[in-house]
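Asks: Encoded as structure tokens, here's the structure I'll be asking about.
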Amino acid sequence: MPSESIAADAHERTSEFIIATGLTERRWVRAVDLLPGNPAIVRAATMAVRAPAPSATPAGVERLLALWLPGEQPYPLDAGLGFELPASAELVVRVLYRKTWEHEREAMRDRSAIGIYFAPSPAAAVQAVRLTPDAAATASATRLRFRRTLAEDARALAIYPEVGLNNAAVRIVATRPDGTHVDLISFHPRPDWRRRYWFRQPIPLPRGTIIDVTAAVDDEASLLPLSLAPAAATRPDLSSLRVTLNLAANRP
């Protein structure tokens, strides 16, 4: 990646880098990693694919390669799966830099590196199903619920928030056509701690499975130190919640 500098009077910044892959043919990616050049200031990163033309991006194909946080290891996809990397595609990398108090008055530099681990070709592309509130959603000042029905047989691989919320709890449950329930995840999607949660094993979700998303205000004011005003615990805008479910087509 190119070098980046953080001025002495700056505490935090987010930088975006566009990196040409130079690929002349489509490839499949099994895993992606980031090696921070200066671990003292690299706090988070997102790595995504940008196709050379909209027509090169089939609907539903996942373009987010990785959500990186310090200490995380790259997660390898199972054999036969991959993130699609079209010919002439670019990588869009966003890096959050934040200084600690030890370096708050220093000018600092970083030059991180990205590792791309290719999968054998051909591979089945990882799909993205975006879960967002719609006209049928039920909402109140403290609670939001909406659902999505899967149109095809699939296996759930992972899930991640596109938008984090302070002071909110999210629960996502899948109900199969036979009535069985699967608790996919219960979590607090923090704005500054976005990560992709991988299921230990792919979860079969037949066509017609209903994905229920419930978000509720989780007021943490009672947990704050007495010296802080109650206003410090702001009420989240639940309608801004966006979650993506990563799927793979069922094996024949």
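Quick note: the coordinates plus some simple rules give every number you see, no bench work behind them. Please read these numbers as outputs of a predicted model, since none were measured by experiment. Please note: Cβ atoms are built from the backbone with ideal geometry, for glycine as well, and neighbour counts cover all protein chains shown.
Asks: Enter the per residue convex hull volume of the stretch 127-249, computed from alpha-carbon coordinates, in Å³ rounded to the nearest integer. Each step should come with its number before you reach the end.
Replies: On the way: hull volume 13.8 nm³, N = 123.
Given the Cα convex hull of the stretch 127-249, per-residue volume reads 113 Å³.
Asks: I need the calculated FRET efficiency for the pair residue 103 and residue 73, taking r as the beta carbon distance and R₀ as 25 Å, to the nearest 0.05.
Replies: 0.45
Asks: Using the charge dipole of the chain (Lys, Arg: +1 at Cβ; Asp, Glu: -1 at Cβ; taken about the Cα centre), state which of 249, 32, 18 has its Cα farthest towards the positive end.
Replies: 249
Asks: log₁₀ I(q)/I(0) of the chain at q = 0.15 Å⁻¹, via Debye over equal Cα point scatterers, no solvent, to two decimals?
Replies: The computed values of log10 I(q)/I(0) come out as -1.18.
Asks: Relative to the Cα centre, what is the charge dipole magnitude of the stretch 1-143, using +1 at the beta carbon of each Lys and Arg, -1 at the beta carbon of each Asp and Glu, and rounding to the nearest 20 debye?
Replies: It works out to roughly 140 debye.
Asks: Going 7 Å from the Cα of residue 235 in the Cα-to-Cβ direction, what parts of the stretch 115-155 have a backbone nitrogen less than 20 Å from that spot?
Replies: Zone members listed by number: 133, 137-146.
Asks: In addition: Please list, by residue number, everything in the stretch 100-134 whose backbone N is under 19 Å from a paramagnetic label point 7 Å out along Cα→Cβ of residue 212.
Replies: Flagged as within label range: 131-134.
Asks: Take every DSSP beta bridge whose two residues both sit in the chain, then give the antiparallel share in percent to the nearest 5.
Replies: 95
Asks: What is the fewest-to-most order of 12, 102, 162 by other Cβ atoms lying within 10 Å of their Cβ?
Replies: Arranged by neighbour count, lowest to highest, 12, 102, 162 become 102, 12, 162.
Asks: How high is the relative contact order of the chain, given as a whole-number percent (alpha carbon pairs under 8 Å, six or more residues apart)?
Replies: Numbers: 592 pairs, mean separation 59.1, N = 252.
Reported as a whole number, the value is 23 percent.
Asks: From the residues 168, 120, 208, which one has its Cα farthest along the dipole of the chain in the positive direction, the dipole being from +1 and -1 charges on Cβ of Lys/Arg and Asp/Glu about the Cα centre?
Replies: It is 208.
Asks: Taking the Cα centre of the chain as origin and charging only Cβ (+1 Lys, Arg; -1 Asp, Glu), how large is the dipole, in debye to the nearest 20?
Replies: The dipole of the chain has a size of about 420 debye.
Asks: Still on this structure, I have one more. I want to verify a result. In a Gaussian network model of the chain, Cα cutoff 10 Å, which of these has the top mean-square fluctuation: 132, 100, 21?
Replies: 100
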